[in-house]
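Below is one structure; the comments refer to it alone.
The values are calculated or read from the model by the stated rules, or taken from the named source; none is laboratory data. From a predicted model like this one, the values you see are computed outputs, not experimental measurements. Counting neighbours? That spans all protein chains shown, and the Cβs are built from the backbone with ideal geometry, glycine included. Just so you know, the surface numbers come from the protein's heavy atoms only, side chains and all, with ligands and any DNA or RNA stripped out. Shrake-Rupley method; radii C 1.70, N 1.55, O 1.52, S 1.80 Å.
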Amino acid sequence: MALFNKKKTENEILPSPKHIAIIMDGNGRWAKKRGLPRTAGHAAGAETFRRIANYCRTLGVEYLTVYAFSTENWKRSEEEVSGIMKLLKNYLLEALQDMEKNHVRFKFFGDLSRLSPELQELCRKAEMTSSQYHEVQVNFCLNYGGRDEIVRGVKAFASKVASGECSAEDLTEERFGDYLYSAGVPDPELIIRPSGEMRTSNFLLWQSAYSEFVFMDVLWPDFREKDLDEAIAEYHRRNRRFGGV
Ligand code: IPE
Ligand code: IPE
Ligand code: MG
């Protein structure tokens, strides 16, 4: 379904990219500015996620991939990590309840085995019960690392070669994509990172080869619909050449 975003100029209507990815960064700084604990920043960030995911749906975005917890985020205090996990749990419980109303398909990218059995079960349930929906897909990156994803893909392919199921020569860029968490999902056209940091922090290393990056100064809990409009407008101002002329 083609839905359209705000205008770039008075006369132009801009289609949303099919696949938008967001590095939801800046929760800690948002809390610090207010003299609040970091967990309060994550709670506010979770609210923003709900809002922006809804907005993406009204814009007709087909895939929304969000970086929620990286393979490196375990370095944080036990208190902060467990606060984030609790927010995730609450969100998933709510998503499961609203499933029939929202029709959002959920996928989880990352090594879920390090999460609590309870969270793993909720992720599995959300993925299973939402697999019947095809309008919009939210890819939740949890204990996700782009390097980890690639190494896992290499291992999975190597074991097929070792068992004689296929030969090393069969590997192509397209086929390798099937060994990643994102198998079957088109690469994101647009990756947004709020909070002022200008790096990928191990997000979608393979899939972002030709993505347009939009870095914004706003902290994630303050990110609003108009910021997404602005990022999409910026995306439309880019000249995507894919190595051509
Ligand atoms: C992003 O916000 C959320 C996670 C990484 C889980 P941060 O917690 O990184 O916020 P800042 O970057 O410290 O402000
Ligand atoms: C990236 O943000 C991970 C998530 C937003 C989930 P970080 O805050 O962890 O990244 P760095 O440490 O600034 O690179
Ligand atoms: Mg950060």
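Looking for something farther than 30 Å from D227 by Cβ, more than 21 Å from the chain's Cα centre (by Cα) and part of a helix (DSSP H, G or I) - is there at least one such residue anywhere in the range 176-191?
The answer is no; no qualifying residue exists.
Given (1) modelled with pLDDT of 95 or more; (2) open to solvent by 60 Å² or more (accessible area, probe 1.4 Å), identify the lone condition not met by D25.
Only one criterion is unmet by D25, namely (2).
For the condition in contact (Cβ under 8 Å) with a residue 12 or more places away in the chain, farther than 18 Å from P194 by Cα and buried (at least 18 other Cβ atoms within 10 Å of the Cβ), what is the one hit in F108, F69?
Testing whether each residue is in contact (Cβ under 8 Å) with a residue 12 or more places away in the chain, farther than 18 Å from P194 by Cα and buried (at least 18 other Cβ atoms within 10 Å of the Cβ) leaves just F108.
Within the bounds of the range 144-151, is there any residue that is without any contact (Cβ under 8 Å) to a residue 40 or more places away in the chain, outside any loop (DSSP other than H, G, I, E, B) and not polar (S, T, N, Q)?
Yes, because at least one residue in the range 144-151 is without any contact (Cβ under 8 Å) to a residue 40 or more places away in the chain, outside any loop (DSSP other than H, G, I, E, B) and not polar (S, T, N, Q).
Under the condition of being within 14 Å of ligand 2 (Cβ to nearest atom) and polar (S, T, N, Q), which residue from the range 164-214 is surrounded by the most Cβ atoms within 10 Å (Cβ to Cβ)?
Only one residue fits best here, namely S195.
Scanning the range 24-83 for residues that are hydroxyl-bearing (S, T, Y) and within 14 Å of ligand 1 (Cβ to nearest atom), which turns out nearest to the chain's Cα centre (by Cα)?
Here the answer is Y67.
Is it the case, given these coordinates, that K125 is surrounded by 15 or more Cβ atoms within 10 Å (Cβ to Cβ), within 27 Å of C56 (Cβ to Cβ) and touching an Asp or Glu at 6+ places or on another chain (Cβ under 7 Å)?
Judged against the criteria, K125 is not a match.
Return the residues of the range 16-48 that are touching a residue at least 40 places away in the same chain (Cβ under 8 Å) and either at positive phi or touching a strand residue (DSSP E or B) at 6+ places or on another chain (Cβ under 8 Å) (or both); say none if nothing qualifies.
S16, P17, K18, H19, I20, A21, I22, I23, M24, D25, G26
Name the residues in the range 56-66 that are under 14 Å from L228 (Cβ atoms) and open to solvent by 30 Å² or more (accessible area, probe 1.4 Å), would you?
Across the range 56-66, the qualifying residues are R57, T58.
What do you reckon, is M216 within 16 Å of ligand 3 (Cβ to nearest atom) and farther than 24 Å from V81 by Cα?
Against the criterion (within 16 Å of ligand 3 (Cβ to nearest atom) and farther than 24 Å from V81 by Cα), M216 qualifies.
In a helix (DSSP H, G or I) and of a type outside the set (F, W, Y), is that true of R57?
Criteria met by R57.
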